[in-house]
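Where a number appears in this text, it was derived from the coordinates with a stated rule and is not lab data. In this text, all values refer to a predicted model and were calculated from it rather than measured experimentally. Using ideal geometry, Cβ is built from the backbone for each residue, glycine included, and neighbour counts are taken over all protein chains shown.
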Ligand code: FPP
Ligand code: K
Ligand code: ZN
């Protein structure tokens, strides 16, 4: 979907809800007419059902039609008790969302017992969402550290609670929560040696990771493992007990991860949880996130994925008129895919914008990246974005905010808000509201070297074994650019904090934790 070009905007006119179009025959035409009458600037794309329809009625087309029906009134500025701006977009209701999130961090009602093993996730979702809403979460530092300690196992890693088996997902959520509250006491909770040993025991000979001892191997494992290794700066060599260990030392924790990710790309172009399964948005983010840590995305994403097919699949996830993303083919928009799918675009853009050569536009003329200003670097103008930022922001602010006093964010109208959707809807809003630029000092250095070599004549042949993979991408410095004004359909007061495109928490939190462990020799 593209909203580029010149969208037809409704002309301003005085608000007059009593008006009815003399010749509109459907409710949708009625809404479109009424919207015009009220003078809000909403492109037709978001106020009308899709112009092209498949005539075959199925259960799938039925639920899709119902989804469009519940979204259209909200997208057309028809929400109750909501003050819309001149673009037909309501403000972010920070106060209610913040209250909802603090509540979710407290005592939960009995029915949540089923979610007991997800307690680390609740920590991460709430702390991350509160942080994006500019709340100070350092007041949770001591309680998060104590909770995390109770979830840690001597064998390494964190479970969903005391006496629960360590799992990659809960460990990822705990480590990110510790990073979010920050401070030495929080960082010191993680037993890094036990963690390293545990990750080694999950590493598989085919390059991937099991999510727990004896559990399934999937791409969540690969993403969570790379994030954990990078944030805690764990050593990369393998313990001899690892199923992937080789005596010649030719394999480390990251060996084969890229190839594992490659095997997860499907015929559709998207990424599945395991090789030969169905492509899903959540796994696309895991794939790109872990590749972006292995090396600069300009190299790693290009090396392991068919980028044009992936972009085609990712773009197909965005629907009109809803504006939000679906997680997979023939399924419905859902606010959480604002992150899982929306969060893929900054990583794809970093890949395409890279100076490493290849898929994107040609590398810019020789220029020192250290001194280049953002505007002199090649960067697509926001209205040439690979997805409609405007559409996503409209879906989030119009359709994903709980409009009752409950607050919180949700999947779609008619669904209850929850901590998970609050986190990932806001993460998606953050990537839609900001533009990132990734420096590639290594590529610049290589270009310099090549230039130097060309002047000095051919280099002597060197036969050495290929270097073991590292987390070179984790050292990358992302620069934030203010989002261009032209397409800004939200008010500046509705801007949420930028988050690191890979770790999905503020870059400062990532840096502080990694700096803390930089000085460590061994454990
Ligand atoms: C389908 O649910 C959902 C999946 C197949 C994958 C979900 C995985 C994640 C959300 C996160 C994985 C990442 C990490 C880091 C642990 P559904 O059928 O209810 O939804 P759908 O109809 O939208 O596909
Ligand atoms: K869903
Ligand atoms: Zn969802």
Segment 222-261: Rg to Rh, with Rh as the Kirkwood radius over Cα pairs: 0.96
Rg and Dmax of segment 107-194 over Cα atoms: what are they, in angstrom? 12.5, 37
How would you classify segment 41-116 from its alpha-carbon gyration tensor, with a ≥ b ≥ c the square roots of the eigenvalues: rounded for a/c under 1.5, else prolate if a/b is greater than b/c, otherwise oblate? oblate
What list do you get for 143, 177, 427 if you sort them by fewest beta carbons within 10 Å? 143, 427, 177
Largest first and in whole Å, what are the equivalent-ellipsoid semi-axes of segment 164-240 based on the Cα gyration tensor, each being the root of 5 times an eigenvalue? 21, 13, 11
Tensor-based shape of segment 180-318 (alpha-carbon gyration tensor, a/c under 1.5 rounded, otherwise prolate or oblate): prolate
